[in-house]
Each structure stands twice: as structure tokens, then as C-alpha cells.
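So the structure is just underneath, and the comments pick up after that.
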Amino acid sequence: MVPQMAARMATVGVDYSMGGNTGNSIDSHRLLTWCHEKHGVAKQNELVEELFLDYFSRERFLGDAEVLRAAAQRVGLGDEAEEVLGEGKDDAFLGETLQQYTDYTRRLRITGAPTFIIDNAIMVQGAQPTEELLSIFQELD
């Protein structure tokens, strides 16, 4: 699988490297949830792109607050991310929001990433070739 991923990512100019630490990444989910709530999906997409590069290419651990702060800085969130990463983080609000997402994924039996839910009718789990996703969208059109 690693050679296939490396080859696929190389086609878009990304060096695939999985030598970093893994572990609890709840703070990255907290940051992404906050970003979506405060800044919308476009900014969240920018941030998730940075986090994916950190994890899949730069070998950085997504449970490290400094890695998360740096990613937030790179997408222009400045120190605002301290709202969810700092000592005074709002766990009550985000905890409830994350729990809703967790409950939703359990109801749908989502167990992997990526998972695409298209038009609230079709669920596609796992990485798919572009042609497969385009085919689904064309069938819905």
C-alpha cells in the first residue's frame, strides 16, 4: 500500500512519508470543528490540507499543539486558534459539537477516512479514483 500511496501522491507533487508519530488526534478534530464553525468550510478545507501535509508528508504528529498552532498560522488564523488550543479552550461547546459528529458517524457506521456522503444518499468509504467519484456525480446530475 505504501508504494501505491507514494506514487499517487507524487502525481500531485506531495512526498508521502509515514515516519512520524501517531496517537490521539482529538485536538486536531477540535481545531477543525472550531474552524468550520467560526470561518466556514473554505477555511476549514485550507486547514485540513495543511494538517494532511503535516501528517502524510512532513511526519508531524497531529496531537502536538505546536503542530496545530503552526498549521493555523499558515492558513491565516493567527492566534485566534488559541481559543481551542490554549488553556482556556471551550471544551463544552466543542465537546458537544464533536459528540454530535461522532454520533452521526456511528449511526452511519463510518469507520474510515476518507468517507464521502453525497447528496445525503450515497456513501463512499475509502480513497477512490477521481473517475469513480465523477461517475457518481454524473449519475446524480
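Counting only other residues whose beta carbon sits under 11 Å from that of G20, what net charge do I get with K and R as +1, D and E as -1? Spelling it out: positives minus negatives among the neighbours equals -1. Calculated accessible area for the range 1-111 comes out at 63 Å² per residue, all protein chains present (probe 1.4 Å; ligands, DNA, RNA ignored).
Per-residue extension of 0.36 nm, minus the Cα-Cα distance of K38 and S57, leaves a gain of 4.1 nm for this segment. Here is the list for the range 1-96: chymotrypsin sites (Phe, Trp or Tyr not before Pro) lying in DSSP coil, each with at most 15 other C-beta atoms within 10 angstrom of its C-beta, are Y16.
Contact order, relative form, for the chain: 18 percent (alpha carbon pairs under 8 Å, 6 or more residues apart, mean separation divided by residue count). Seen from all directions on average, the chain presents a Cα convex hull projection of 9.7 nm².
Let me know the shape class of the range 1-66, please: from the alpha-carbon gyration tensor, a ≥ b ≥ c as square roots of the eigenvalues, rounded when a/c is under 1.5, otherwise prolate if a/b is greater than b/c, or oblate. Since a/c reaches 1.5 but b/c is at least a/b, the shape of the range 1-66 is classed as oblate.
Accessible-area rank, largest first, for D27, D103: D103, D27, with all protein chains present and a 1.4 angstrom probe.
The values are calculated or read from the model by the stated rules, or taken from the named source; none is laboratory data. Given the structure is predicted, the values throughout are model-derived calculations rather than measurements. Counting neighbours? That spans all protein chains shown, and the Cβs are built from the backbone with ideal geometry, glycine included. To get the accessible areas, we keep the full protein, side chains included, count just its heavy atoms, and leave off ligands, DNA and RNA. Shrake-Rupley method; radii C 1.70, N 1.55, O 1.52, S 1.80 Å.
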